[in-house]
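The values are calculated or read from the model by the stated rules, or taken from the named source; none is laboratory data. This one's a predicted model, so the numbers in the text were calculated from it and none came from an experiment. Because the Cβ atoms are built from the backbone with ideal geometry, glycine has one as well, and the counts that use them run over all protein chains shown. Areas reflect the complete protein model, heavy atoms only, side chains present, ligands, DNA and RNA absent. Shrake-Rupley method; radii C 1.70, N 1.55, O 1.52, S 1.80 Å.
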Amino acid sequence: MHNQLREHIEKIIPLTDEEFAFVSSHFTAKKFKKHQFLIQEGNPVKHSYFIISGLLKLVYTDEKAKQHVVSFAMEDWWESDYYAFFTQTEATMSLECLEDTEVLCCSFEDYKNLCNGLQKMERFFLEKATFGFLGSQRRIISWQTSNSKERYNQLLKQYPSLLQRVPKSLIASYLGVSRETLSRLSS
């Protein structure tokens, strides 16, 4: 598990064995079953998660109890309710396994100690956050300028394997369309 983390980090920054031992000591391995929650709305968010295997969905539930899929996270991705994680407040979203999932967990305290103890990791997390922000901007622009067919095609192009792993109802929620509309888009 930790080797995957090292390979992931070293795509951005090099690490000596000693540095990686320090990094690795700040993560805990956990396994979750399909349908288990890593984060539940209203609870404290204790960890950021690096996905080793499996698939997760991050969901926001509105005041009418309608669920909105904010994101999917698969192997080699990071996920959490980051607002709640960094502000150390209660979750406004839920993170649920769509498949049996293995993750490496990093607590907020470990995150701070990691960044303070190894400046390279601060640079690593800054780059990951920057690319996450850029992805969010692209998604907002897509919502504002693309129709549902264009958004569907963008999703197919960007994440082709996702459609094989995620129920169509969740893809529809992610795209902000009905299941029926998704059926028309995919035909």
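Details
- For segment 7-142, the C-alpha radius of gyration divided by 2.2 N^0.38 Å, with N the number of residues, is 1.07.
- When the Cα convex hull of segment 66-187 is projected onto planes of every orientation, the mean area is 8.8 nm².
- Rg over Rh for segment 103-164 works out to 1.17, both radii taken from alpha-carbon positions and Rh defined as the Kirkwood radius.
- The chain - percent relative contact order, Cα under 8 Å, separation 6 or more: 24 percent
- Inter-part distance where segment 10-36 and segment 43-73 are each reduced to a Cα centre, Å: 21 Å
- Protection-proxy order for peptides 153-163, 97-107, each taking the mean of Cβ atoms within 10 Å per residue, highest first: 97-107, 153-163
- Residues whose placed amide H lies under 5 Å from that of Ser53, excluding near-sequence neighbours: Glu102
- Of the residues Thr28, Thr16, Thr92, the one that moves most in a GNM of the chain with alpha-carbon contacts below 10 Å is Thr16.
- Quarter the surface of the alpha carbon convex hull of segment 55-94 and you get the mean projected area, 3.0 square nanometres.
- Computed [θ] at 222 nm, deg cm²/dmol, the chain (DSSP H ≥ 4; -39,500 (n - 2.57); rounded to nearest 500): -14000 deg cm²/dmol
- Where Arg184, Arg139 fall by accessible area, highest first, once all protein chains stay in place (1.4 Å): Arg184, Arg139
- Annotation: amide H of Val70 within the under-5 Å range of Leu58, Val59, Tyr60, sequence separation 5 or more or interchain, hydrogens built in the peptide plane.
- Length added when fully stretched, Arg184-Gln154, from 0.36 nm per residue minus Cα-Cα: 9.2 nm
- Environment charge at Glu90 (Cβ cut-off 13 Å; Lys +1, Arg +1, Asp -1, Glu -1): -1
- Residue-count net charge about Trp143 - beta-carbon cut-off 15 Å; Lys, Arg +1, Asp, Glu -1: +3
- Summed residue charge, Cβ within 10 Å of Asn43's Cβ, Lys/Arg positive, Asp/Glu negative: -2
- Theoretical gain in end-to-end length, Glu109 to Asn43 [0.36 nm per residue, Cα-Cα removed]: 22.0 nm
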